[in-house]
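**Q** If you scroll down you'll find the structure; I have some questions about it.
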Amino acid sequence: MNKLFVVLAAIVLFSGITMAQPRQAEKSPSIPANAPASYEARYEGGLFGASKKETGNLTFDDANERVVFMREGKEMFSIPYNALIIVYPDSKDEVPQAGKVMSKIPIPGRELFGLINKSTKYANMTFEDPEVQANGTASFRFKDKDKLLSFINQLGVKAKMKQRGDAFYKARNSATF
C-alpha cells in the first residue's frame, strides 16, 4: 500500500511539472532598418510568358503590394504579394564546367578537378496566378547567401506571411479542406 501511494504521488508530481512548462513565444520577423530596397538577382524561370534567363534587380513596390523584376530600369514582370504561397531559399552544389572539362584531360591527378565544388543560391517563390488559375514557382539566383536571406525575410514580412525556419508561407484556411 505504501509503494502504491509513492508511485501515484510521483506520477501526479511529475505530470504537474511537465504541464507547467510554458510554450516558447513565437518571434515575429521584422525588416532591419538597413535592408536594401533592391536586390541583384538572375531570373532562372518559372513564370508564364517569361522563359528567358535574365539578370536584373528585384525591387519592392509597396504602393501596389508586389515584388517587381527590373532589367535596365525597365519592368519585366511582377508578382503580387497576395499571390505568393511559399517563399523559400534553396541551394545546389555542382562541379563547374571547367572542372568537368579538366577532369577528362589525360593527365595525372585529373580526378582532383572533379572535386571542385560551386554552390548556387536560389530564392524560390511559389505563387498562384489568379488570371490563368494556375500555380507556378519562379526561381531567382543570388550571388550572396546573406542577401538571399535578407530578400526572403523582407518579402515574407511585406507579404504578411508566416515564418518556418528560413522560409515563409501563407497559411490556408482550415475551412477549405
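**Q** How much FRET efficiency would the formula 1/(1 + (r/R0)^6) give for Lys53 and Ile107, where r is the Cβ-Cβ distance and R0 is 41 Å, rounded to 0.05?
**A** Approximately 0.75, to the nearest 0.05.
**Q** So what's the convex hull volume per residue for the Cα atoms of region 31-177, in Å³?
**A** 164
**Q** Could you work out how much longer the chain between Ala63 and Arg164 gets when fully extended? Use 0.36 nm per residue separation minus the Cα distance between them, nm to one decimal.
**A** 33.7 nm
**Q** At what distance in nm do the modelled label points of Ser91 and Val12 sit from each other, each positioned 7 Å from its Cα along Cα→Cβ?
**A** 5.4
**Q** Then there's this: Please compute the net charge surrounding Lys170, taking Lys and Arg as +1 and Asp and Glu as -1 over other residues with Cβ under 10 Å from its Cβ. Show your work: numbers first, answer last.
**A** Working: positive: Lys160, Lys162, Arg172; negative: Glu128.
Around Lys170, the charge tally is +2.
**Q** Under 12 Å Cα to Cα from Lys52, which aspartates and glutamates show up? Leave out anything in the same chain fewer than 8 places away.
**A** Glu44
**Q** Once both labels are modelled 7 Å past Cα along the beta-carbon direction, what's the Ala171-Asn2 spacing in nm?
**A** Here the modelled spin labels are 5.3 nm apart.
**Q** Pairs Lys92/Lys145; Lys74/Lys162; Lys118/Lys162; Lys92/Lys158; Lys53/Lys92: which exceed 22 Å Cα-Cα?
**A** Lys74/Lys162; Lys118/Lys162; Lys92/Lys158
We did not get these values from a lab; they are worked out from the coordinates using the rules stated. This is a predicted model, so every value here is computed, not measured. Here the Cβ is made from the backbone with ideal geometry for all residues, glycine too, and neighbour counts use every protein chain on show.
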